[in-house]
Every structure is written in structure tokens, then in C-alpha cells.
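A.B. asks: Pasting a structure here, questions to come.
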């Protein structure tokens, strides 16, 4: 269920505590472009590293690459992006604002009762699947859907709009501008496909095997909303798994299950997720499903699992005139002969890193009422799984004197090589705790005068606020045990 208040609270929290800032804010910002602050970048890196290790370290048959953002322009012709990478758009003639048709309709149904809203969404999905732009326009007109900005129903016809950013490559101007045109990649997958044979041969990879990649992608979204949910510059974590033709259904089901297990390992409740099977399939797919999370805007896609058939490799073989085949020496039990040469099928898992950041922030953000009869008190806390938290341990000397800072810094020196730590002397201990709660730090340690005598410290647990006395020598082990996931 949509919760606009929570979304606005989350956006404010992210700015106040250094997670996410509007890009170029001092110049009034740039639409749908965001910068990660000091804690946001740590959270993002922790997610990326966890995904990478889950894919490449925990599987014998998955390796990684890092392909360039710039690619030969024919790559995007072969992949279908030049001709097909577009969304149905509609303009309001009065406000001059342009909207993605599905976003306009989804925004409209948020204010309807559930039954009527679902009926309109089902009708929209059927019209999108049929590329029926006239029907979509009629759906908008018949329901008197108004422009959220101008408040009128004066719409243009629905038409397609290509989402790729184009630029010129090289410093010398060409007579024909198209001769120098290249695109900022709208996805990371094609960098994997064009390197399929390079990786397979150099790594002596045997099907089935996967190639993983993380990196930036760019889409000229006309309507980008939902904070960092939909941006024009974003980061993907993708894995293309190459399989023998005819086995794609088995591997598609396998990766759906595996990817849901990964999501649940983030500490998120299963009832906050659901699968959404596609009605309209992309031109390259024979099966497709999304893992959706219950964001403040409602259930939205965070990861896609697609059976891409052999479309991409076949297209690149045709356009490049280079064979993209694999020789499979395994014996076919039906014929008794080797499977021989074929173009592999591909099962893709593609997750948005920025959406995962937002998902974890949405899940972790809580306001707890700690009020008593004497005073009102709310605690804002981010309850990240400890291994994902930007800061794992905060160390606080009770005072700035009597040798307490020296002992605290000794503990910092011991722990810092193993995980991210934070040191602070300013303000009362309670205020320091609350600041760490707000950035999601799972453990805080206070060094006091007793610590000088017996080398024990007070460790405070974020979620329970429990405080216990432990030997200072055990602090590193306590934190390491809590953040160990492999």
C-alpha cells in the first residue's frame, strides 16, 4: 500500500544523515539524478560486494567482467535498442508535461478502490501487450485522467519515445554527425554478450556457466519519480547464465528460487516480496518474471529474471559476422552423440543496485515511540542487517580526559582493519547513541573509567538498546560474528 508520508520522511532522513543528496543541489539540482553521501556510498558498496561475492565467489561456474560504458554503435542496433528501446508516452497540451503512459495510469488508480484500480491496471497491461496505443488513449480519456501538474485532460495521442542517450565519439567533427554517434549504454547485459567467447575461451568455461557484471547504465526517462527508484543514471548488477537450448525452463526456475533466497538473506520479511510474471514479453524473452518489493509507493520491481533465449548472441553473430557458437562435447542421451555446436540460451538475473539501496532504507527505517509519563520521546532508527550497515561499530570515550580517548583509539586501531568504525567524543552518550541509531550502526561501545581499571567496556546493541559489560578484547569478535555471512 502506498505511503507518501513515509517516502517523504525517508527522503528527508537520507539528506539529513548523509545517505543521498540531490545532484548539483546548489544549482537547484538535476532531475532524477542523485549523489550518494558518506553513509549512502558505504551502504551501496556493501550491497554490491555482497551480491558480487554471492555470484562469483559462491559459484564455481560464474565469473565476472567489467565492460566499457562506450560500445560500438552497432551493438545497440543488433540488440534491438535502436529500434525497440522506447516507452509509450503522452503529453498534456496545457501543462506541456510528458508522461509515461503506464506511470500516468498507475498514479491515477492509486486514489481508486482496490477492485476498480486492479481492473484498470489489467486493462492497461493487456493494451500494452498488444501495442494498442489508440486503446491506451481511450482508457485515459474514458476515465478522465487528469494531468497531475495542470489538472486538465487535454492529451495528445500516445507515441513511442526512445530512451537512449546519444553523444559524439572523438574530438574531430564528422561531415555526417551519425558517423561519430555512440550511446551511453542503457544496460550492462550487452557488454557480457559481446565478450561471451572471450570469457568462455580464456576461462575454459563449460556450459552451463555465468558472467556477472556491475556498473552504470543510462536511460533518458521522461518521467522519473520515486526518489532513487527511477533515475537517469543508475547502477545495475547483472548475471547472464549460458545454458544448453532446451534446458532454459529448468534454469529459469532455479534462478527465480536462488534470487529470492538472496533477497530474504538481506533480513527482509518474505511477505514484503512477491513475483510478478510478465504478460507482455520483451522481444528477446520466452519467460520473464519480476521480484517486487513493497516500497512506500506500493509493490514495484527491484529485480528481473528473464529467459532471453539465444536472441542476443544470434543477433551479434548476424551483425558482426563472427560465430557466437559453443561446442558441447557432452553426450546427448537420445542420440548417443555429442551435442556439438549451438548458440547458447541465456537466463538473466538483473537487479537495480539503487533500487536495492532504496529497498533496504525503506525496510530499515523505523520510528519507535519510547515515550514515558514524564516525557515524549521518539527514536528514529535504521535497522539494517549488521553486515550491510554503513558503520559497524561506534566507539565513544565517556569524556575527553583521563586517558579515555587513548584507550578508545586503541580499540579503534584494533577493529578498523576488519570493518568500518566511527569515533566520537562530542555530546552526551545518549545523543551519540541516537545519531548512530539514525545511520544504522549495530554496535556502540562506551569507554569509561572502569575500562581503565579492568579493560571492560559497555557495548550497546542498536535493535534492543540492551547494554552489557564485556571485555574490550572481545569487542572485535562480537562484531565480526554478527557481520559474517559466508
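A.B. asks: Name the residues in the range 109-121 that are under 26 Å from the mean Cα position of the chain (by Cα) and modelled with pLDDT of 90 or more, would you?
C.D. replies: Across the range 109-121, the qualifying residues are 109, 121.
A.B. asks: So, in the range 309-319, how many residues would count as being within 16 Å of residue 282 (Cβ to Cβ) and out of contact with any strand residue (DSSP E or B) (no Cβ under 9 Å at 6 or more places or on another chain)?
C.D. replies: Going through the range 309-319 one residue at a time, the tally reaches 2.
A.B. asks: Next up: Of all residues in the range 12-35, count the ones that are part of a helix (DSSP H, G or I) and surrounded by fewer than 18 Cβ atoms within 10 Å (Cβ to Cβ).
C.D. replies: Total satisfying the criteria: 6.
A.B. asks: Still on this model: I'd like the full set of residues that are in contact (Cβ under 8 Å) with a residue 24 or more places away in the chain, outside any loop (DSSP other than H, G, I, E, B) and within 17 Å of residue 456 (Cβ to Cβ), limited to the range 389-417.
C.D. replies: 393, 395, 396, 397, 404, 407, 408, 411, 414, 415
A.B. asks: Ok, one more. Condition first: buried (at least 20 other Cβ atoms within 10 Å of the Cβ) and touching a helix residue (DSSP H, G or I) at 6+ places or on another chain (Cβ under 7 Å). Now tell me which residues in the range 90-103 satisfy that.
C.D. replies: 90, 101 - these are the residues of the range 90-103 that are buried (at least 20 other Cβ atoms within 10 Å of the Cβ) and touching a helix residue (DSSP H, G or I) at 6+ places or on another chain (Cβ under 7 Å).
A.B. asks: Does the range 295-327 hold any residues that are under 30 Å from residue 11 (Cβ atoms) and without any contact (Cβ under 8 Å) to a residue 60 or more places away in the chain, and which are they?
C.D. replies: Taking the range 295-327 first, the residues under 30 Å from residue 11 (Cβ atoms) are 295-305.
Correct list: 299, 301, 302, 303, 304, 305.
A.B. asks: Follow-up question, since we're still on this one. Scan the range 59-73 and give yes if some residue there is in contact with a strand residue (DSSP E or B) (Cβ under 6 Å, 6 or more places away or on another chain), within 30 Å of residue 380 (Cβ to Cβ) and outside the structural domain of residue 420 (by TED's automatic domain parsing), otherwise no.
C.D. replies: Scanning the range 59-73, I find no residue that is in contact with a strand residue (DSSP E or B) (Cβ under 6 Å, 6 or more places away or on another chain), within 30 Å of residue 380 (Cβ to Cβ) and outside the structural domain of residue 420 (by TED's automatic domain parsing), so the answer is no.
A.B. asks: With the structure loaded, tell me whether residue 249 is surrounded by fewer than 16 Cβ atoms within 10 Å (Cβ to Cβ), over 18 Å from the mean Cα position of the chain (by Cα), touching a residue at least 24 places away in the same chain (Cβ under 8 Å) and under 25 Å from residue 129 (Cα atoms) or whether it fails that test.
C.D. replies: yes
A.B. asks: Considering each residue of the range 170-196, count those that are loosely packed, with under 15 Cβ neighbours inside 10 Å and either at pLDDT 95 or above or assigned to a loop (DSSP other than H, G, I, E, B) (or both), and give that number.
C.D. replies: 7
A.B. asks: Residues of the range 311-335 being more than 35 Å from the chain's Cα centre (by Cα), surrounded by 11 or more Cβ atoms within 10 Å (Cβ to Cβ) and not in a strand (DSSP E or B), which ones?
C.D. replies: If the condition is that a residue be more than 35 Å from the chain's Cα centre (by Cα), surrounded by 11 or more Cβ atoms within 10 Å (Cβ to Cβ) and not in a strand (DSSP E or B), then 332 is the only one that fits.
A.B. asks: Hey, can you tell me all the residues within the range 291-308 that are touching a strand residue (DSSP E or B) at 6+ places or on another chain (Cβ under 7 Å) and crowded, with 19+ Cβ neighbours inside 10 Å?
C.D. replies: Result: 291, 293, 300, 302, 303, 304, 305, 306, 307, 308.
A.B. asks: Tell me the strands (runs of 3 or more DSSP E) entirely within the range 36-107 that contain at least 1 residues that are touching a residue at least 24 places away in the same chain (Cβ under 8 Å), farther than 30 Å from residue 133 by Cα and within 21 Å of the chain's Cα centre (by Cα).
C.D. replies: Counting at least 1 such residues, we get 62-64.
A.B. asks: If you don't mind, there's one more thing I want to ask. Considering 352, 340, which residue is assigned by TED's automatic domain parsing to the domain that holds residue 291 and crowded, with 20+ Cβ neighbours inside 10 Å? Lay out the reasoning, then the answer.
C.D. replies: Details: 340 fails: crowded, with 20+ Cβ neighbours inside 10 Å.
Within the list 352, 340, the selection yields 352.
A.B. asks: Do we have any residue at all in the range 148-165 that's part of a loop (DSSP other than H, G, I, E, B) and exposed (fewer than 12 other Cβ atoms within 10 Å of the Cβ)?
C.D. replies: Checking the range 148-165: at least one residue is part of a loop (DSSP other than H, G, I, E, B) and exposed (fewer than 12 other Cβ atoms within 10 Å of the Cβ).
A.B. asks: Scan the range 134-145 residue by residue and report those that are buried (at least 18 other Cβ atoms within 10 Å of the Cβ) and assigned to a helix (DSSP H, G or I).
C.D. replies: The answer is 136, 137, 139, 140.
The values are calculated or read from the model by the stated rules, or taken from the named source; none is laboratory data. This one's a predicted model, so the numbers in the text were calculated from it and none came from an experiment. For neighbour counting, all protein chains shown are included, and Cβ atoms are generated from backbone atoms with ideal geometry for every residue, glycine included.
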